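The values are calculated or read from the model by the stated rules, or taken from the named source; none is laboratory data. Given the structure is predicted, the values throughout are model-derived calculations rather than measurements. Every residue, glycine among them, receives a Cβ derived from its backbone with ideal geometry; neighbour counts consider all protein chains shown. Ligands, DNA and RNA are excluded from the accessible area calculation, which covers all protein heavy atoms including side chains. Shrake-Rupley method; radii C 1.70, N 1.55, O 1.52, S 1.80 Å.
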Protein chains: 2
Amino acid sequence: MGNTVSIKDIARKFKCAPSTISRALNDHPMINIDTRKTIQEYANKVGYQKNTISLSLLNKRSKTLGVIIPSISHYHETAIIEGLEAILQPAGYLLNICVTNESQVLEKEYLDRLVANRVDAICISLSQETFDHSLNEHIDLAISRSLPIIFMDRFYHALDVDRVITDDFKGAFMATEHLVQMGCQRIAHLHGPRGITVSQQRFMGYEACLKKYGREVEDELVKQVMFSPESAVEATKNLLDQKAKPDGIFAVNDEVGFGAMKVIQERNYKIPEDIALVGFDDIPLAAFAPIALSSVSRQSKKIGEKSAKLFLSKMNGIFDHQQVTLEPELIVRSSSQRNHFSKI
Amino acid sequence: MGNTVSIKDIARKFKCAPSTISRALNDHPMINIDTRKTIQEYANKVGYQKNTISLSLLNKRSKTLGVIIPSISHYHETAIIEGLEAILQPAGYLLNICVTNESQVLEKEYLDRLVANRVDAICISLSQETFDHSLNEHIDLAISRSLPIIFMDRFYHALDVDRVITDDFKGAFMATEHLVQMGCQRIAHLHGPRGITVSQQRFMGYEACLKKYGREVEDELVKQVMFSPESAVEATKNLLDQKAKPDGIFAVNDEVGFGAMKVIQERNYKIPEDIALVGFDDIPLAAFAPIALSSVSRQSKKIGEKSAKLFLSKMNGIFDHQQVTLEPELIVRSSSQRNHFSKI
DNA sequence: AAAAATTACGCAAACGTTTGCAATTGAACT
DNA sequence: AGTTCAATTGCAAACGTTTGCGTAATTTTT
């Protein structure tokens with residue numbers, strides 16, 4: 001900190017102008033080849049490290065991407081980060097990662113801070129609160145100062161924005177349809193937290209599929225949970241306590257699927273014979289659930305990669321908005337694979 | 001980007017000096033109260049946002065912490081980040097998170113970039129390669145320029161450094177001792193990747209405990225795996241294929257525990273009666289394993305919190321080095337809880 | 001009424017780097 | 001010897017903000 005050496009310091013040493021040092025260090029042909037080498041060697045010796053901050057000030061480019069996510073405790077989010085990093089590291093960028101815990105206040109606070117730090121763009125997955133109460137002046141404000149904002153996972157009301165999402169509706173539809181095809185007659189849904197796009201989309205996919213097969217959504221077959229296995233326990237017990245039990249369950253994510261599975265097994269129902277189960281996200285442990293858990297992959301890492309590429313294209317002056325939708329993929333495992341198909 | 005308004009812009013508008021605007025915006029009493037209000041209102045209206053970059057340049061403080069981790073795909077790492085963020089967000093800091101994938105080259109690259117960006121300090125969990133080959137000139141270099149570096153999880157050869165770790169040795173000892181007390185006679189260990197401190201420490205704890213109870217480490221009871229459930233499958237099969245099977249397994253982490261459990265159940269051994277199993281990390285899904293998985297909590301979130309506090313104390317001028325060691329906690333669940341104790 | 005004190009603001013340097021342009025030097029050409 | 005040209009290097013401004021010090025205007029004190 002105290003002993004950082006700057007270009008000016010080197011200039012003093014060589015009794016020349018800072019500009020000469022700068023050019024020498026950047027291998028500018030304008031500078032005599034020998035002087036260049038001498039200066040470079042000296043700079044190397046004293047451990048000179050370019051100060052990027054001054055450059056950012058000059059170029060109005062910080063080579064940093066702001067990332068705002070509601071949580072970081074699930075596979076999905078870490079995979080997104082891995083995807084971002086895979087593309088952005090080779091491109092010389094750094095990531096400023098901010099976790100909002102679904103709080104709009106924190107989101108606003110972080111957004112301000114990122115703007116103040118002049119990040120080149122922001123990849124954001126909106127907080128639940130922002131969504132619930134449409135508290136998005138801070139987002140609009142950021143957009144209005146033409147800072148590139150890329151929305152991940154969660155929709156934003158505005159039309160002409162950049163966005164990378166997976167088709168959760170479709171994924172849910174596929175999961176439900178798979179249960180139908182496995183012969184399930186009463187398919188329950190463990191519904192995610194209210195107000196979150198992901199929850200809504202998955203419910204709608206579930207609903208649409210039932211409708212396709214001439215069924216109705218029965219309220220007592222839809223229970224709301226958080227994204228944790230613990231929260232699924234109570235809800236699943238409720239489901240199994242009913243006179244007409246479900247014979248198939250579509251869980252809003254794999255953690256919830258784990259929770260549901262626990263309860264089902266404790267009650268001594270067979271999976272998938274009595275109750276078939278499908279989750280969402282295809283977490284690495286899904287295959288190692290008590291009964292290997294069928295799931296829908298939402299291509300989490302690819303979301304990060306696509307977002308990063310979209311960001312890079314913006315940095316290269318492509319300013320028209322893009323909306324990328326990734327296809328979900330159904331992974332069938334033992335928790336839903338029935339060998340004897342029932343008629344529908 | 002183009003339409004960002006600066007203090008100079010505002011100064012032009014009011015036909016006054018930038019210094020006046022600066023003071024007005026910072027509510028400096030030197031400036032007339034009315035002028036202050038007028039300027040503040042105007043700044044607000046046109047959406048003025050302080051440029052922190054110029055401040056960083058001036059103050060030689062970026063209000064940013066660099067974080068370098070080998071991976072981000074496990075609970076442990078995300079919990080650390082949560083801990084860091086919990087303390088550092090209220091303090092006004094941002095996190096620059098870099099994932100090295102255990103590569104020394106990437107680690108060096110990221111370290112350089114963070115230094116160039118003049119982060120106020122770096123929290124680092126060393127990469128496996130750095131460790132394996134003692135390729136740590138880059139670390140020493142960073143230390144020599146008196147940039148505060150806080151080591152997490154993995155030891156560093158130098159003595160006078162800052163460090164926050166959990167006592168993995170002790171945790172492994174506790175896990176093994178628990179298995180002994182549950183009556184296990186042949187305790188196997190699924191050993192983590194070579195060269196990683198965490199693997200070594202846990203093996204040593206296992207070894208020390210066996211020694212305490214007058215047993216020897218049997219080579220055929222120690223199998224090496226990666227940190228994934230997949231990699232545990234083959235290793236566990238090897239263990240079970242032996243004439244003298246183990247009746248207890250200490251897995252280097254919970255994911256490996258999941259993998260082992262899968263194999264054990266496929267072979268129709270009872271857990272914990274035939275084989276008792278203990279993991280490490282206490283991931284959120286541990287309780288929802290096929291048989292609720294006993295585990296050792298390494299206080300991951302607390303590592304982040306402690307590191308953050310250590311960092312803050314450094315920012316406040318406390319420059320003597322600190323070494324924090326957190327106590328692991330054994331969480332006993334069904335996978336190892338035997339009701340009928342065997343004699344040892 | 002003169003001196004002192006107070007109030008309110010401007011000037012300029014500083015942080016570290018880049019870059020267009022001017023300036024200097026020496027060599028080559030007429 | 002005078003002119004032109006190329007090869008090097010220096011100057012100064014710029015990015016946005018803060019801050020010590022100077023200064024002008026106004027008020028208070030003697």
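Here are the numbers for this structure:
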read-out: Accessible-area order (highest first, 1.4 angstrom probe) of the listed residues A:H189, B:H133; value: B:H133, A:H189
read-out: Probe 1.4 Å - accessible area at B:D241, Å² to nearest ten; value: 100
read-out: Mean-position separation - Cα centroids, segment A:266-344 and segment B:97-125, in angstrom; value: 32
read-out: Set of segment A:198-213 residues, backbone N closer than 20 Å to the point 7 Å along the Cα-Cβ line of A:F155; value: A:198-212
read-out: Among B:A24, B:A308, B:A158, residue whose mean-square fluctuation peaks in a GNM of chain B (springs only between Cα atoms under 10 Å); value: B:A24
read-out: Total accessible area lost when B and A pair, probe 1.4 Å, Å² to nearest 100; value: 5500
read-out: Segment B:234-344 - accessible surface per residue (Å², probe 1.4 Å); value: 41
read-out: Accessible area (Å², per residue) of segment A:7-111, counting only protein heavy atoms and a probe of 1.4 Å; value: 47
read-out: At least 10 Å² of accessible area lost relative to the chain alone, listed for segment B:41-56 with a 1.4 Å probe; value: B:G47, B:Q49, B:K50, B:N51, B:T52, B:I53, B:S54, B:S56
read-out: Highest-MSF residue in chain A out of A:Q200, A:Q185, A:Q242 [GNM, Cα springs under 10 Å]; value: A:Q242
read-out: Those GluC sites (Glu not before Pro) in segment A:239-338 that DSSP places in a loop and that have at most 13 other beta carbons within 10 Å; value: A:E273
read-out: Cut-off 16 Å (backbone N to label point 7 Å along Cα→Cβ of B:N316), residues of segment B:63-89; value: B:87-89
read-out: Among B:I21, B:I165, B:I249, residue whose mean-square fluctuation peaks in a GNM of chain B (springs only between Cα atoms under 10 Å); value: B:I21
read-out: Heavy-atom accessible surface of the protein assembly as shown: percent carbon and sulfur, 1.4 Å; value: 52
read-out: For the protein assembly as shown: rounded, prolate or oblate by the Cα gyration tensor [a/c cutoff 1.5]; value: oblate
read-out: Which of B:F14, A:F319 is most accessible, then next, and so on - probe 1.4 Å; value: A:F319, B:F14
read-out: Whether segment B:168-298 is rounded, prolate or oblate, judged on the alpha carbon gyration tensor where a/c under 1.5 counts as rounded; value: rounded
read-out: Area accessible to solvent at A:H76, 1.4 Å probe radius, in Å²; value: 10
read-out: Share, in percent, of DSSP beta bridges within the protein assembly as shown that are antiparallel, nearest 5; value: 10
read-out: Distance between segment A:1-45 and segment B:176-235 - C-alpha centres, whole angstrom; value: 55
read-out: Relative contact order (%) - chain B, alpha-carbon pairs under 8 angstrom, separation at least six; value: 17
read-out: Segment B:144-221, accessible area per residue, ligands and nucleic acids excluded (1.4 Å, Å²); value: 36
read-out: Of B:K60/B:K302; A:K45/B:K60; A:K63/B:K60; A:K314/B:K50; A:K63/A:K108; A:K314/B:K37, those spanning more than 26 Å from alpha-carbon to alpha-carbon; value: B:K60/B:K302; A:K314/B:K37
read-out: Members of segment B:257-285 that become less accessible by 30 Å² or more once partner protein chains are added (1.4 angstrom probe, chain alone as reference); value: B:F258, B:K262, B:L285
